[in-house]
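Report on the following structure.
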């Protein structure tokens, strides 16, 4: 999930067109079943399949006892930090100069601030932020009371609305990024380990379905870049394995902190497909699949990426 792909970035289309040429999909566009038919390129086939999978998420999954197989062996997993320059890695590792720590520090202030009619703060229930060490490694997770899959942002929003009785933050707001970065930072160095059993399994399969679906005008799937082509050079960059273990992350091209969903949406836009909304069930399902395929990698939040 590295490369110039964000709304308004004139280089995004050219970057992914170069990817398509490199993996051989662009020349095959006339011979494949493309997943778009209208000017905005909605992924009608992939999205219909995903909608069915999401609708069936609560139906007992026949293959639930079968452990899915990794496409990239555990011994070959590589964090995104291994695909960036030594200077950027050093910036990430030194918390004194890591720009993402500004959001962690903002999160500490928000943690102590009261909200809602009772003036309850996050600390009123949880004490110090360090009490949440190990929490981020388990997300996304299925929440039985909400009857839905929640990522870390969703969990924070649910606490804010139900326990603080306060209005939710906008998904990509500085406040939500700061609190998410703070909570994830408490698990820095701990390996991702999500639960895909029980009611989460249908959602996991939905995320996996979308991950492997070729989409957009360029007819590229996530897997074609991040499983089949990782490590290859595209101009001056190397394609990463596309793992989520550093998010929220500070991206140099953004010059700010951003969520995983912002990055995923940028990928959809880069292949000229209509992206799902940030915080949508579809992107949370993809996030669960990504977290599962990255299991064993340590959380790096706040990561620094290109």
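The values are calculated or read from the model by the stated rules, or taken from the named source; none is laboratory data. Not measured: the values here are computed from a predicted model. Because the Cβ atoms are built from the backbone with ideal geometry, glycine has one as well, and the counts that use them run over all protein chains shown.
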Which one of these does residue 110 not meet: (1) modelled with pLDDT of 95 or more; (2) within 24 Å of residue 192 (Cα to Cα); (3) buried (at least 17 other Cβ atoms within 10 Å of the Cβ)? (2)
Only one of 141, 133, 166 that is under 19 Å from residue 285 (Cβ atoms) and surrounded by 12 or more Cβ atoms within 10 Å (Cβ to Cβ): 141
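If I ask for residues that are assigned to a helix (DSSP H, G or I) and either touching a residue at least 12 places away in the same chain (Cβ under 8 Å) or over 30 Å from residue 207 (Cα atoms) (or both), which ones from region 141-175 would you list?
Scanning region 141-175 gives 152, 153, 154, 155, 156, 157, 158, 159, 160, 174, 175.
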So is residue 305 crowded, with 18+ Cβ neighbours inside 10 Å and within 10 Å of the chain's Cα centre (by Cα) or not? no
If you go through region 226-251, how many residues are under 23 Å from residue 186 (Cα atoms) and part of a loop (DSSP other than H, G, I, E, B)? 7
Among (1) part of a helix (DSSP H, G or I); (2) in contact with a helix residue (DSSP H, G or I) (Cβ under 9 Å, 6 or more places away or on another chain), residue 71 falls short only on (1)
If you go through region 169-202, how many residues are surrounded by fewer than 18 Cβ atoms within 10 Å (Cβ to Cβ) and over 30 Å from residue 92 (Cα atoms)? 2
Within region 122-140, take every residue that is in contact (Cβ under 8 Å) with a residue 12 or more places away in the chain and assigned to a loop (DSSP other than H, G, I, E, B) and give me the one that is farthest from residue 196 (Cα to Cα). 133
Which one of 252, 290, 283 is out of contact with any helix residue (DSSP H, G or I) (no Cβ under 6 Å at 6 or more places or on another chain) and crowded, with 18+ Cβ neighbours inside 10 Å? 290
